Amino acid sequence: MSLARTMEGLMAGNSVIRKMFEMGQEMAKNYGKDQVYDFSLGNPVAPVPYEVKNAIISLLENQDPHEIHGYMKNAGFDDVRTQVAEHLNSRFGQNYHKDNILLCAGAAGGLNILMRCLLDEEDEVLCFAPYFTEYKSYVSHYKGKLAVVPMRADDFSLNLDAAERMIRQRTKAVILNNPNNPSGIIYSEEELLLLTKMLKEAEERVGHPIYLICDEPYRELAYDGREVPYLPNLYRNSIYLYSFSKTLSIPGERIGYMAISDAVEDGELLMQAAIITGRTLGFVNAPSLFQKVIGQCLDVKIDLGFYDRNRKLLYTELTEMGFTCVPPQGAFYLLVKSPLEDTESFVKLAEKQHIILVPTDGFGLPGYFRLAYCVPYEKIEASLPAFRALAEDCRN
Ligand code: PLP
């Protein structure tokens with residue numbers, strides 16, 4: 001075998017989301033695209049805001065091509081880092097400056113950089129179930145261990161008692177994703193204050209910082225006027241990660257940023273390490289044109305109604321059909337409880353109706369399915385008879 005032994009595990013656990021997505025593509029070839037209801041992938045279909053296109057055209061027409069397509073400091077263009085810092089300061093009352101900001105290749109790029117910077121072999125990173133399934137690979141790439149805090153049965157709040165017990169000397173960081181993929185839950189300020197209190201006490205106990213990595217690509221997708229609390233305002237050792245993939249519908253462009261304030265313990269050192277790491281991992285820098293684009297799009301207001309309509313339709317209809325769904329508050333995912341004990345059989349029944357959904361075992365949540373409703377509204381409308389037939393099949 002020519003591959004590294006460690007690839008075996010990684011390939012065996014290859015993302016179930018991708019597998020289901022590929023199955024959907026195969027089914028679309030066989031039955032026609034409009035006969036397949038694919039809810040597998042968080043690939044946003046809301047229109048890319050016109051400001052993005054305008055920024056691209058204006059940059060291509062008016063800027064020096066060698067500047068917008070060339071290398072720059074590994075942390076990113078200084079002017080864009082300043083724009084990001086000022087944007088965060090005006091929104092959240094922080095005191096960031098350009099040296100607190102690293103532009104990175106999406107949240108995934110930022111998370112990999114952080115894991116490389118923080119982890120020695122056997123160091124631990126905590127996350128709460130259910131969690132974004134890729135965290136496992138991001139941590140294991142750097143020989144760390146992902147310690148998953150189990151959820152209390154059918155309760156999507158943070159299990160802080162268990163988390164407190166699981167924090168030990170080797171715990172370097174906690175990753176928190178809010179709004180949450182896959183649950184669609186938004187953790188409230190009240191709950192986050194309890195988390196940060198617990199973490200501050202844990203830091204004292206272990207005698208070193210426990211970084212709270214705030215993974216927030218869905219920050220702007222919060223419905224019914226809900227607020228997503230800004231964690232760096234609640235906890236000193238927060239590292240904030242944002243991505244434009246979901247809110248601007250540009251996941252292929254690989255653009256996001258990391259913010260580490262002056263207050264963070266060893267923050268300056270961590271930022272220097274992160275800048276070097278981006279280069280040595282081979283990202284080198286975030287895509288240059290899109291750094292400039294997002295510099296011009298930081299204040300773009302997204303059309304929240306686009307996904308909100310989908311959310312309401314899917315939740316209301318599925319609930320009426322008898323499915324048990326977790327009321328979605330943010331992001332664009334709906335969790336449905338498996339009506340059958342045997343989840344494999346449920347996937348098969350759904351497939352029979354050409355419905356593609358993702359079992360959430362790999363997200364640390366057995367017995368549920370995730371539906372990504374970042375699809376056209378018409379697709380959801382068209383899928384309802386298939387869901388009705390599925391509900392019927394489950395009863396028989
Ligand atoms: N974090 C979460 C919770 C996600 O759901 C995703 C993508 O689905 C990512 C990070 C990575 O996003 P990207 O690298 O495109 O910014």
Quiz item: Roughly what would the spin-label model give for K337 and L298, points 7 Å off Cα along C-beta, in nm?
Solution: 4.4 nm
Quiz item: Which whole-angstrom value gives the distance between the alpha carbon centres of segment 368-396 and segment 67-145?
Solution: 36 Å
Quiz item: Quick one: of the DSSP bridges fully inside the chain, what percent are antiparallel, nearest 5?
Solution: 45 percent
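What pairs from K145/K337; K246/K312; K301/K379; K246/K379; K98/K292; K172/K200 go past 23 Å between their alpha carbons?
K145/K337; K301/K379
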Quiz prompt | Paramagnetic label zone (point 7 Å from Cα along Cα-to-C-beta, E189; backbone N under 11 Å) in segment 206-249 | solution = 227-230, 234
Quiz item: Residues with amide H under 5 Å of C104's amide H, sequence separation 5 or more or different chain, H placed in the peptide plane at 1.01 Å from N; which?
Solution: G256, Y257, M258
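Which FRET efficiency value, to the nearest 0.05, do you get for T82 and N43 by plugging their Cβ-Cβ distance into 1/(1 + (r/R0)^6) with R0 = 22 Å? Before the final figure, lay out the partial values.
Numbers: r = 31 Å, r/R0 = 1.43.
The pair T82/N43 has a calculated efficiency of 0.10.
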Self-check item: Values of log10 I(q)/I(0), in the order q = 0.07, 0.13, 0.14 Å⁻¹, for the chain under a Debye, Cα-only, solvent-free model
Solution: -0.33, -1.15, -1.32
Quiz prompt | Contour minus Cα-Cα distance for R91 and L289 (0.36 nm per residue) | solution = 68.8 nm
Quiz item: Hey, in the GNM for the chain with a 10 angstrom Cα cutoff, which one of G225, G24, G367 fluctuates hardest?
Solution: G225
Quiz prompt | Degrees between helix 50-62 axis and first principal axis of the chain (Cα, 0 to 90, nearest 10) | solution = 40 degrees
Exercise. Please arrange D155, D262 by counting, for each residue, the other beta carbons lying within 10 Å of its beta carbon, fewest first.
Key: D155, D262
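For segment 187-322, with only Lys/Arg (+1) and Asp/Glu (-1) charged at the beta-carbon, what is the dipole magnitude about the Cα centre, in debye rounded to 20?
Numbers: 14 positive and 21 negative charges, 97 e Å.
Computed charge dipole of segment 187-322: roughly 460 debye.
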Quiz item: Hey, fewest Cβ within 10 Å first, where do F128, F346, F306 land in order?
Solution: F306, F346, F128
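Report the FRET efficiency, 1/(1 + (r/R0)^6), for A382 and R279, where r is their Cβ-Cβ distance and R0 is 45 Å, rounded to 0.05.
Values: r = 47 Å, r/R0 = 1.04.
That pair, A382 with R279, gives E of 0.45.
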Exercise. Kindly provide the helix-only [θ] at 222 nm of the chain, computed as the sum of -39,500 (n - 2.57) over DSSP H runs of four or more divided by all residues, to the nearest 500 deg cm²/dmol?
Key: -13000 deg cm²/dmol
Exercise. Kindly put S238, S249 in sequence by how many other C-beta atoms sit within 10 Å of each C-beta, fewest to most.
Key: S249, S238
Exercise. Once you have the Cα-Cα distance between H141 and E392, take 0.36 nm times their residue separation minus that, and quote the gain in nm to one decimal.
Key: 86.0 nm
Quiz item: How many angstrom separate the Cα center of segment 277-326 from the Cα center of segment 9-57?
Solution: 13 Å
Quiz item: Once the Cβ-Cβ distance between D266 and N30 is put in as r, and R0 is 45 Å, what FRET efficiency do you end up with, to the nearest 0.05?
Solution: 0.25
Self-check item: For T324, distant residues with modelled amide H under 5 Å away
Solution: K337
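Assuming a ≥ b ≥ c are the square roots of the Cα gyration tensor eigenvalues, decide whether segment 1-100 counts as rounded (a/c under 1.5), prolate (otherwise, with a/b larger than b/c) or oblate. It would help to have the intermediate numbers written out before the result.
Numbers: a/c = 2.15, a/b = 1.61, b/c = 1.33.
The shape class here is prolate.
The numbers here are math on the coordinates, done by the rules we state, and not lab data. The structure presented is a predicted model; accordingly, all values stated were derived computationally and were not measured. When we count neighbours, we look across all protein chains shown, and the Cβ atoms used for this are built from the backbone with ideal geometry, even at glycine.
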